[in-house]
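Taking it in order: structure first as structure tokens, then the write-up.
The values are calculated or read from the model by the stated rules, or taken from the named source; none is laboratory data. Predicted model, so just to flag it, every value in this text is computed and none were measured. All Cβ positions, even for glycine, are placed from backbone atoms using ideal geometry, and neighbour counts span all protein chains on display. Surface areas here come from the heavy atoms of the whole protein model, side chains and all, with no ligands, DNA or RNA. Shrake-Rupley method; radii C 1.70, N 1.55, O 1.52, S 1.80 Å.
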Amino acid sequence: MSMYLIANIIVCVCALAGFIYGGIQFFRPKKALYAQMITLSLGCIAFGRLFNVVRLLTGGNLTEHFQLGFLGLIGSLMFFFSANYGTVDSLLDDRSKEFTKYRLIALAAPVAAILMYVGLFLLSEVSDLWKIMGAVLTVFVMVASYFNLKHLIFPDVDFGVVKCLRPYNLLALIYSVSIFVESCALSRNNELLTFICCCVTGLVTAAIIPTVVRGIAKWKT
């Protein structure tokens with residue numbers, strides 16, 4: 001059994017467990033849309049990794065051709081972005097000058113993503129396919145990580161929700177870094193680094209929903 005297969009099984013099982021737990025917790029009447037979006041992101045991760053597992057079991061590989069499992073990564077980042085931007089950010093940030101510094105600091109996340117892409121993909125000896133896939137991943141990491149970092153540092157002014165959900169936003173940032181480095185490892189056919197990244201991603205995806213559950217419970221009390 002290859003390291004790639006074991007690594008994707010780990011992430012698939014952890015994300016699927018989180019998706020099921022999140023579905024039980026949050027897909028009920030009057031439950032937070034924010035949490036539902038995060039749960040759907042775990043569903044994207046689980047099904048994307050499931051495709052990778054099936055691909056590997058049927059004799060394919062994850063390094064030489066475009067894989068549909070990659071769309072699971074993109075879907076997860078889209079839901080992370082939607083959770084913060086669509087349901088929380090407008091409540092926190094009234095676009096006043098008072099909060100300008102936090103918006104500027106949060107730009108460090110997308111800037112770091114661009115620099116990582118340039119160094120790890122664009123200027124490296126990787127195939128054109130991985131340069132394109134890396135570019136697509138970078139765009140979605142940029143928009144998701146911007147709001148994760150912003151809500152990690154943003155002050156709690158009126159609602160108290162930011163403080164309660166900071167642990168989730170930290171986990172989401174770690175997830176973004178982990179899948180980015182994993183893609184870099186795959187582009188170089190580095191099994192060990194891929195396995196390490198998937199272990200990190202698995203731990204993060206397993207922790208996200210319990211963290212959100214605790215955060216929301218703390219906020220309501």
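Numbers for the structure displayed
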| quantity | calculated |
| --- | --- |
| Every pair of residues 6+ apart whose Cβ atoms lie under 9 Å, when the first sits in segment 99-116 and is more than 17 Å from Phe180 (Cβ to Cβ) while the second is of a type in the set (Gly, Ala, Ser) and open to solvent by less than 40 Å² (accessible area, probe 1.4 Å) | Ala106/Ser145 |
| Filtered residues of segment 167-199 (kept if open to solvent by 60 Å² or more (accessible area, probe 1.4 Å), touching a residue at least 12 places away in the same chain (Cβ under 8 Å) and within 25 Å of Met37 (Cβ to Cβ)) | Pro167, Leu170, Ile174 |
| Residue within segment 69-91 that is out of contact with any helix residue (DSSP H, G or I) (no Cβ under 7 Å at 6 or more places or on another chain), among the aliphatic types (A, V, I, L, M), open to solvent by 60 Å² or more (accessible area, probe 1.4 Å) and farther than 27 Å from Asn190 by Cα present | yes |
| Enumeration of residues in segment 117-135 that are among the aromatic types (Phe, Trp, Tyr) and more than 30 Å from Ile153 (Cβ to Cβ) | Trp130 |
| Qualifying positions in segment 1-36 - part of a loop (DSSP other than H, G, I, E, B) and closer than 15 Å to Ile209 by Cβ | Phe27, Arg28, Lys31, Ala32 |
| Among the residues listed as Ile45, Ile114, Ile38, the single one being at pLDDT 95 or above, among the hydrophobic types (A, V, I, L, M, F, W, C), under 23 Å from Phe154 (Cβ atoms) and buried (at least 20 other Cβ atoms within 10 Å of the Cβ) | Ile38 |
| Filtered residue count, segment 211-221, keeping only those that are part of a helix (DSSP H, G or I) and either within 21 Å of Ala135 (Cβ to Cβ) or open to solvent by 40 Å² or more (accessible area, probe 1.4 Å) (or both) | 5 |
| Matching residues, segment 165-203, being under 23 Å from Ser127 (Cα atoms) and among the β-branched types (Val, Ile, Thr) | Val177, Ile179, Val181, Thr194, Ile196 |
| Matching helices (runs of 4 or more DSSP H) fully within segment 42-159 where at least 3 residues are within 30 Å of Met3 (Cα to Cα) | 69-81, 108-117, 128-153 |
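Each row is one residue, and each column tells you yes or no for (1) modelled with pLDDT of 95 or more; (2) of a type in the set (Phe, Trp, Tyr).
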site	(1), (2)
Val139	yes, no
Tyr146	yes, yes
Ile153	no, no
Val157	no, no
Leu165	no, no
Asn189	no, no
Leu203	yes, no
Ile208	yes, no
Lys218	no, no
